[in-house]
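This report concerns only the one structure given below.
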Amino acid sequence: MKKHLSVLCAMLFMALCVHAVDIKPQKGTLSKVSPVLVEKFEGTMTLQDGSEKDIEGIAFYFEISKINKKSKYFTLSELRDFFIDGKSYAQMTKESLGTDIEPDTEITDSSRLLAEEPELKKRIKDKKNGIVMKTLIYGAALPESGTVRVAVHVGWDSELEEFDFEFDIGDL
């Protein structure tokens, strides 16, 4: 499956605004994870046969701060899926579109993100040393209602912690 990522990303950045679901930050023993932006988006994909398919998805921006300043190396397990009312969105996509779609993840520092997306200035806490994980997970049409659960696995120096976030998809 061939993706029109440049079109998708352009549509995403045009559609994104500072409005987002209000999800509280979580603090573990290694990290603090703060949702910066969680937003629904739409786009199209070109399939291998040349036909186009409408897709939907959710953009997740999480700011990650280390608790212990002596920690050196950021560690993560890539965010690849979320659940709606207990059902895997990746599985929903496979059933609906007949294929797997890989998520897009970018890790960036907060100062670079703010240079690219200054409208997020009020949402980023550590403007100089923060790390932001931007993940786009897309595919099947999203339901109008349901509880979304997303698990973020991040940490430092090869140790991971899990941070679970929930919100109502109808709030997007």
Picking from Ser96, Ser145, which residue would you name as being free of Cβ contacts under 8 Å to residues at least 40 places away in the same chain and under 21 Å from Lys40 (Cβ atoms)?
-> Ser145
Restricted to the range 31-79 and to residues being touching a residue at least 60 places away in the same chain (Cβ under 8 Å) and in a loop (DSSP other than H, G, I, E, B), the residue farthest from Ile101 (Cα to Cα) is Asn68
Can you name every residue in the range 115-145 that is closer than 16 Å to Asp81 by Cβ and either of a type in the set (A, V, I, L, M) or more than 18 Å from the chain's Cα centre (by Cα) (or both)?
-> Met133, Leu136, Ile137, Ala140, Leu142
Go through (1) modelled with pLDDT under 95; (2) assigned to a loop (DSSP other than H, G, I, E, B); (3) open to solvent by less than 70 Å² (accessible area, probe 1.4 Å) one by one and return the number of the condition Leu142 breaks.
-> (1)
Just need a number here: residues in the range 116-149 that are under 14 Å from Val36 (Cα atoms) and either β-branched (Val, Ile, Thr) or in contact with a Phe, Trp or Tyr (Cβ under 7 Å, 6 or more places away or on another chain) (or both).
-> 6
Residue count, the range 104-116 (criterion: open to solvent by less than 40 Å² (accessible area, probe 1.4 Å), among the polar types (S, T, N, Q) and not in a helix (DSSP H, G or I)) | 1
Pull up the range 117-134, narrow it to residues that are touching a residue at least 60 places away in the same chain (Cβ under 8 Å) and more than 25 Å from His153 (Cβ to Cβ), then point me to the one that is least open to solvent (accessible area, probe 1.4 Å).
-> Glu119
Single residue of the range 58-95 satisfying the filter (touching a Lys or Arg at 6+ places or on another chain (Cβ under 7 Å) and more than 19 Å from Phe167 (Cβ to Cβ)) that is surrounded by the fewest Cβ atoms within 10 Å (Cβ to Cβ) | Ile67
Inspect all residues belonging to the range 80-103 and state whether any of them is in contact with a helix residue (DSSP H, G or I) (Cβ under 6 Å, 6 or more places away or on another chain), modelled with pLDDT of 95 or more and outside any strand (DSSP E or B).
-> yes
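The values are calculated or read from the model by the stated rules, or taken from the named source; none is laboratory data. Since this is a predicted model, take the numbers as computed values, not measurements. Quick reminder, even Gly has a Cβ in these numbers, built from the backbone with ideal geometry, and neighbours come from all protein chains shown. With ligands, DNA and RNA removed, areas are computed over all heavy atoms of the protein, side chains included. Shrake-Rupley method; radii C 1.70, N 1.55, O 1.52, S 1.80 Å.
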